[in-house]
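K.L.:
Please see the structure below; I have some questions.
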Amino acid sequence: MPTISKEDYLKTIFNQRIEKNGMVTTSRLAEVLEISNAATSEMAKKLSDEGFVQYQKYKGLDLTGEGEKIALEVIRRHRLWELFLMKVLNLSWSEVHDEAEMLEHTTTDFLINKIDEYLKYPQFDPHGSPIPGKNGEMPLQPFIMPLNQTESGKSYFVKRVADENSELVNYFSKIGLLIDSEIFIKQKFSFDNSIIINVRNVDITLSEKVCKSIFVIPNNP
């Protein structure tokens with residue numbers, strides 16, 4: 001079983017591969033994990049030698065079957081813990097991510113399966129991300145798009161938000177931008193890719209970076 005640091009690498013490769021729809025570059029991995037490119041390249045080589053990733057220098061990384069299995073196990077533990085902490089212990093959705101980051105590495109399969117059973121086998125975590133089943137299967141989910149790919153003059157429902165930054169998630173709570181919230185795209189600005197949205201009859205301007213952390217589906221597509 002990989003060490004904690006290796007689990008984080010594998011989990012991040014899986015998540016970034018989904019977002020980027022392909023191989024993950026070591027520079028992108030270094031950016032997300034907030035470490036040096038040299039450290040990322042060194043770990044990529046180790047993971048490749050151990051059979052967890054396929055690594056092509058200057059091209060990027062992808063998970064092997066064994067690497068993906070471990071990544072899904074970590075993601076499953078993380079997302080179930082987030083939901084448990086929020087539903088049972090009443091933590092806010094901006095607090096659960098950091099706690100789950102620690103718990104995901106120390107929880108046994110027995111305990112996480114009991115948590116899954118207690119929560120009645122949920123399919124999505126508090127931030128809208130799918131929860132893998134105990135055999136690695138993913139629940140069916142609607143096609144979602146980042147907010148910056150929406151059209152002006154149309155309304156959408158929020159279905160997922162990136163949860164890595166607790167300050168950002170807390171901001172979403174303050175402005176009422178929660179899962180299943182309806183938002184209306186009032187205006188998009190090409191000069192800086194910011195967007196004015198209307199949530200609960202309040203106009204809010206969001207930066208390009210923030211828009212990339214919000215995923216939506218059209219209202220009456």
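Throughout, read-outs are computed from the coordinates displayed, never taken from laboratory work. Fair warning: this is a prediction, and the values are worked out from it, not measured in the lab. No Cβ is skipped: glycine too gets one built from the backbone with ideal geometry, and neighbour counts run over all protein chains shown.
K.L.:
Just how large is the dipole of the chain about the Cα centre, in debye to the nearest 20, putting +1 at every Lys and Arg Cβ and -1 at every Asp and Glu Cβ? Write out the running numbers ahead of the final one.
P.N.:
On the way: 26 positive and 32 negative charges, 118 e Å.
Value, rounded to 20: 560 debye.
K.L.:
Once you place label points 7 Å from the Cα toward the Cβ at Glu151 and Lys186, how far apart are they in nm?
P.N.:
Each label point lies 7 Å from its Cα, and together they span 2.1 nm.
K.L.:
Relative contact order of the chain: what whole-number percent is it, with Cα pairs under 8 angstrom and at least 6 residues apart? Intermediate values should be presented prior to the final figure.
P.N.:
Values: 337 pairs, mean separation 33.0, N = 221.
About 15 percent, as a whole number.
K.L.:
As a check on your grasp of the helix formula, calculate [θ] at 222 nm for the chain: sum -39500 (n - 2.57) over DSSP H runs of n ≥ 4, divide by the residue count, round to the nearest 500. Walk me through the numbers before you get to the answer.
P.N.:
Numbers: 8 runs with 92 residues, N = 221.
About -13000 deg cm²/dmol.
K.L.:
Kindly state, to the nearest 0.05, the FRET efficiency for Glu42 paired with Ile196, given R0 = 45 Å and r defined as their beta-carbon distance. All intermediate terms of the calculation are to be shown ahead of the outcome.
P.N.:
Numbers: r = 44 Å, r/R0 = 0.98.
Plugging the Cβ-Cβ distance into 1/(1 + (r/R0)^6) gives 0.55.
K.L.:
How many nm is it between the label spots at His105 and Asn220, if each spot is 7 Å from the Cα in line with the beta carbon?
P.N.:
With each label placed 7 Å out from Cα toward Cβ, I get 5.0 nm.
K.L.:
What ³J(HN,Hα) values, in whole Hz, does the Karplus curve 6.51 cos²θ - 1.76 cosθ + 1.60 give for the stretch 177-192 when θ = phi - 60°, with x put for Gly and Pro?
P.N.:
So the Karplus estimates, Gly and Pro as x, are 9, 10, 4, 6, 5, 8, 10, 10, 8, 7, 7, 10, 10, 6, 6, 9 Hz.
K.L.:
Give me a comma-separated list of calculated 3J(HN,Hα) values for the stretch 99-105, in order, Karplus coefficients 6.51, -1.76, 1.60 applied at θ = phi - 60°, integers in Hz, x for any Gly or Pro.
P.N.:
Couplings: 5, 5, 4, 7, 5, 4, 8 Hz.
K.L.:
Using only the alpha-carbon atoms, how far is helix 37-49 inclined from the longest principal axis of the chain? Give it as 0 to 90 degrees, nearest 10.
P.N.:
50 degrees
K.L.:
Can you bin the stretch 82-221 into rounded, prolate or oblate? Criterion: square roots of the alpha carbon gyration tensor eigenvalues sorted a ≥ b ≥ c, rounded for a/c under 1.5, prolate for a/b above b/c, oblate for the rest.
P.N.:
On the way: a/c = 2.45, a/b = 1.92, b/c = 1.27.
The shape class here is prolate.
K.L.:
On a 0 to 90° scale, report how tilted helix 109-118 is relative to the longest principal axis of the chain, with both axes built from alpha carbons and the result rounded to the nearest 10.
P.N.:
The angle comes out at about 30 degrees.
K.L.:
Specify which residue in the list Phe172, Phe184, Asn37 is farthest towards the positive end of the charge dipole of the chain, using unit charges on the beta carbon of Lys, Arg (+1) and Asp, Glu (-1), about the Cα centre.
P.N.:
Phe184
K.L.:
Given a Förster distance of 30 Å, report the FRET efficiency between Lys212 and Lys87 from their Cβ-Cβ distance, rounded to the nearest 0.05.
P.N.:
Numbers: r = 28 Å, r/R0 = 0.93.
The computed FRET efficiency comes out at 0.60.
K.L.:
How high is the relative contact order of the stretch 4-63, in percent, counting Cα pairs under 8 Å that sit 6 or more residues apart? Write down the numbers at each step before the final one.
P.N.:
On the way: 61 pairs, mean separation 22.5, N = 60.
Averaging sequence separation for qualifying contacts and normalising by length gives 38 percent for the stretch 4-63.
K.L.:
Compute the acute angle (0 to 90°) between the alpha-carbon long axis of helix 65-87 and the principal axis of greatest extent of the alpha-carbon atoms of the chain; round to the nearest 10°.
P.N.:
That works out to roughly 50 degrees.
K.L.:
May I ask which of Lys57/Lys209; Lys11/Lys174; Lys120/Lys159; Lys6/Lys134; Lys87/Lys114 have a Cα-Cα span longer than 23 Å here? Each step should come with its number before you reach the end.
P.N.:
On the way: Lys57/Lys209 28 Å; Lys11/Lys174 29 Å; Lys120/Lys159 21 Å; Lys6/Lys134 20 Å; Lys87/Lys114 15 Å.
Flagged as over cut-off: Lys57/Lys209; Lys11/Lys174.
K.L.:
Which of Tyr58, Tyr171, Tyr9 comes first, and how do the rest follow, when ranked by fewest Cβ neighbours within 10 Å? Working shown, then result.
P.N.:
Numbers: Tyr58 6, Tyr171 14, Tyr9 25.
Placing the least packed residue first, the sequence is Tyr58, Tyr171, Tyr9.
K.L.:
I'd like to compare 23-30, 192-199, 150-157, 133-140: which one has the highest average count of other Cβ atoms within 10 Å, and what's the full order after that?
P.N.:
Values: 23-30: 18.8, 192-199: 16.8, 150-157: 14.6, 133-140: 11.1.
The packing order, highest mean first, is 23-30, 192-199, 150-157, 133-140.
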